[in-house]
1. How much length is gained on full extension from residue 125 to residue 414, taking 0.36 nm per residue of separation minus their Cα-Cα distance?
2. Expressed as a whole number of Å, what is the distance separating the alpha-carbon centroids of segment 36-76 and segment 362-392?
3. Quickly rank 359-371, 197-209, 121-133 as a protection proxy: mean count of other C-beta atoms within 10 Å, highest first.
4. Below 8 Å between Cα atoms, with a sequence gap of 6+, how large is the relative contact order for segment 362-461 in percent?
5. What ranking do 240-246, 276-282 get when scored by the average of other Cβ atoms within 10 Å per residue, highest first?
6. Starting from the Cα of residue 359, step 7 Å along the direction of its Cβ; do the same at residue 88; then give the gap between the two resulting points in nm.
7. Highest first, please rank the peptides 52-62, 441-451 by the mean number of other Cβ atoms sitting within 10 Å of their residues.
8. Say R0 is 56 Å: what FRET efficiency, to the nearest 0.05, do residue 316 and residue 132 get from their beta-carbon distance?
């Protein structure tokens, strides 16, 4: 639910001091004793999670992605690190890389890596210069890909290079540095080739970026038991169900992490993207009361990406039944940590209240054999649920399989029922003897923005 902002909140020194270290573009000096963790997700070009991919930082350690494509690297020294991922699909090597800034005692989240066939990748390189032609060291150059932004940092020569970009796409590429207006170009990447693109940044003076608009939050609670031990097929089935409810997930994939109650919760924030050469990135704030940006300690992340329009909250402490409020602030090229100037006022408030996980109870029981062509499907009621959507599949669900019933979620018929009803009679296409069918229930809050997915159940029809 969107809560209109009441009044204009002033962002002074104390409010943005939590973002100062995050906004700096200068390379950090590594402290060997200071380490923390990197968390993110690995996906393919279609946005599907890649399970079992190897993820590593050279000289540090490695891990494998779990069943929803996420990973966690621990004991990574602070500073800028290239996080690499690789797997083999069919007869091809798939690779990807993301440049990540690691801060001591602070988990670096949303470090997403996009994999593509290595032989289909291309690169972009060039210089970032000031108006006099001098190199700008520490500038960031972003390439907005299909699912995530890759970026590089210029060296003392002003040189940058972006590797691992999937060829055959046009990428919006933005060069950005504090004190300068952004410069944006569209670049065509060709597999096996390096495309040269340079930028000349103009000096910014007294500019403040536009206030982020139309902030919204959507919450997903996955069933208990979806852990690292779950199969890749189950992870893909859950993603397929989410995409049926929200088709935009195919373009904007969010992340999930285990909550203290054992469920998987993700809170996805989205806002309206607008072109703004004054913007360096966004500050994200969260609290349990409205206007979280009024308290500096409520800052949970800084997205140093002027192209961003999505943030997935990965906090392990997110808990069902608790209402969280969010605001987003745009941070500008002239941001001054001594005065707090150069940042926009906060966005509107967006709130999110995760539902609890659905019960494991079902009727017919999991794996049962039935002899009626019109079974009554029953599940446990969920506190906070307002409506329930039943979805039946002929075969195991996946991204490319349409549901058997309902054929159209916009015209659900009796496959959708209102709480406190917790059953419905199957009235879809005729069940075929000997076939196994899979079904799931998605509970929705009254505003439709919080969703909880039941376990995936199945039955076999034998008349």
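No value in this document is a laboratory result; all are computed from the given coordinates. These numbers were taken from a predicted model, which means no experiment stands behind them. Using ideal geometry, Cβ is built from the backbone for each residue, glycine included, and neighbour counts are taken over all protein chains shown.
1. Details: separation 289, 0.36 × 289 = 104.04 nm, distance 5.63 nm.
Separation in residues times 0.36 nm, less the Cα-Cα distance, equals 98.4 nm.
2. 36 Å
3. Numbers: 359-371: 14.5, 197-209: 16.2, 121-133: 17.8.
Averaged packing, sorted descending, gives the order 121-133, 197-209, 359-371.
4. Working: 200 pairs, mean separation 37.5, N = 100.
38 percent.
5. On the way: 240-246: 19.1, 276-282: 23.0.
Answer by packing, highest mean first, reads 276-282, 240-246.
6. Those two pseudo-labels are separated by 4.8 nm.
7. Working: 52-62: 15.7, 441-451: 19.6.
Result, highest mean first: 441-451, 52-62.
8. Working: r = 48 Å, r/R0 = 0.86.
Computed FRET efficiency for residue 316 and residue 132: 0.70.
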